[in-house]
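Quick notes on the structure that follows.
The values are calculated or read from the model by the stated rules, or taken from the named source; none is laboratory data. Keep in mind that this is a model prediction, so the values were computed, not measured. Methodologically, a virtual Cβ is constructed for each residue, glycine included, from the backbone with ideal geometry; neighbour enumeration extends over all protein chains shown. The protein model used for the area step is the full one, side chains on, heavy atoms only, and it has no ligands, DNA or RNA in it. Shrake-Rupley method; radii C 1.70, N 1.55, O 1.52, S 1.80 Å.
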Amino acid sequence: MNAAARDESLGSVLTALAANTAIAVAKGTAAALTGSPALLAETLHTVADAGNEVLLYIAIRRSRHPADASHPFGYGPERYYWALLAAVGMFVVGGAFAIWEGVQGLVHPPELDAFWAGVAVLVIALLLDGTSRLVAGRQLRVQAARRELSVREFVRETPDPTVLTVFLEDTIDVLGAALALVAIVLHRVTGSGVPDALGSIVIGCLLCYLASRLATRNRQLLTNQSVPDRYVQRLRARLEAEPAVRAVTRLDAVYLGPAEVLVAADVEMSDRLTGGEVAGVLSRLRADLGRDVPAIARFYLTPVAPPDLQAVEARGPQRP
């Protein structure tokens, strides 16, 4: 990912933060006026989302710090750490509280007041959340096109949790606002607070599911997940296309951050090369691949002996 892509990620986060801050204030006011559990759940949901965007902003800024003596591979994993905290916040503040409010609404069904104020706020929220989702969705499509992937494939394997989190949050926001709107309409039509309370529970369950999914993804990235195998095979083919390389016996590539990869390979070199020539070939390969694949932040190439020679060396000198 280049600098422009990182700026686009920041733009998606800031757009979502502005939208969620305004929506949270409006929903909170409407929830206080109507007494609707579903609207209160949506308020908590949006407050959690706004807090998450703050954490994602911190994640982007901290992950951009250059490598130093204490972090020789850079600060890329900072993005995964803060995104994981955002997922936990979504689960606790958004999901668990919404379910609790829904259960309370079933036990003590509330009265519905200021119905039209609630409807107006939810319609506005649908429009704002939909706009934020369009911005994040456009960024996802741009990043997917750079990797020549479908959006579905990109969502499944992207190493950047920021835009993904915003996009999925906004998707749940739109669904949640629609559910809350249906819930208060049913409350008004039937005169029962049960649909309102059930709407809150469903919203909470959706948030818990999304939070669990995002937490799992960030855990995978924090634990040095390998890049997808097709990229590993492309690197292997690129190395083995070099005439001086007989074979690549091992190749590992793991994410250091959303835009950085560490690659380590054991390569068998042609036995016609001298030690100096081997060093020159490896140096040239590192430079060429670093230029062709900017995401490679660290590239370690280790020359190894062929397996038959390794076996001989392992047995040691033979007695006469």
(message) Please report the accessible area of ARG61 (heavy atoms, 1.4 Å probe, ligands and nucleic acids excluded) in Å², nearest 10.
(response) 120
(request) For the stretch 17-134, give the percent of accessible area contributed by carbon and sulfur heavy atoms, probe 1.4 Å, rounded to a whole number. (result) 74
(request) Taking the Cα atoms of the stretch 38-99, report the difference between the largest and smallest coordinate on each principal axis, in whole Å and largest first. (result) 50, 15, 10
(message) Can you sort ARG141, ARG230 by solvent-accessible area, 1.4 Å probe, largest first?
(response) ARG141, ARG230
(request) Rounded to the nearest 10 degrees, what's the angle between the helix 37-63 long axis and the longest principal axis of the chain, both from Cα atoms, 0 to 90? (result) 30
(message) At 1.4 Å probe radius, can you tell me the per residue accessible area of the stretch 1-103 in Å²?
(response) 40
(request) Find the centroid of the Cα atoms in the stretch 8-77 and in the stretch 184-216, then give the distance between the two in whole Å. (result) 21
(request) Provide the net charge surrounding LEU251, with neighbours chosen by a C-beta distance below 15 Å and charges set as Lys +1, Arg +1, Asp -1, Glu -1. (result) +2
(request) Calculate, for VAL232 and ASP271, the FRET efficiency according to 1/(1 + (r/R0)^6) with r their C-beta to C-beta distance and R0 41 Å; round to the nearest 0.05. (result) 0.95
(message) Just to make sure I understand: if all protein chains stay in place, what is the order of LEU134, LEU56, LEU128 by accessible area at 1.4 Å, largest first?
(response) LEU134, LEU128, LEU56
(request) Calculate how many DSSP beta bridges within the chain are antiparallel, expressed in % of all such bridges and rounded to the nearest 5. (result) 60
(request) Determine ³J(HN,Hα), in whole Hz, for all residues of the stretch 233-240 in sequence, where each value follows from phi through the Karplus function 6.51 cos²θ - 1.76 cosθ + 1.60 and θ = phi - 60°; x replaces Gly and Pro. (result) 5, 5, 5, 4, 5, 5, 5, 6
(message) What does the net charge come to around ARG238 if you take all other residues with beta carbon closer than 10 Å to its beta carbon, with K and R at +1 and D and E at -1?
(response) -2
(request) Excluding LEU56 itself, calculate the net charge of residues whose Cβ lies under 12 Å from the Cβ of LEU56, where each Lys or Arg counts +1 and each Asp or Glu counts -1. (result) -2
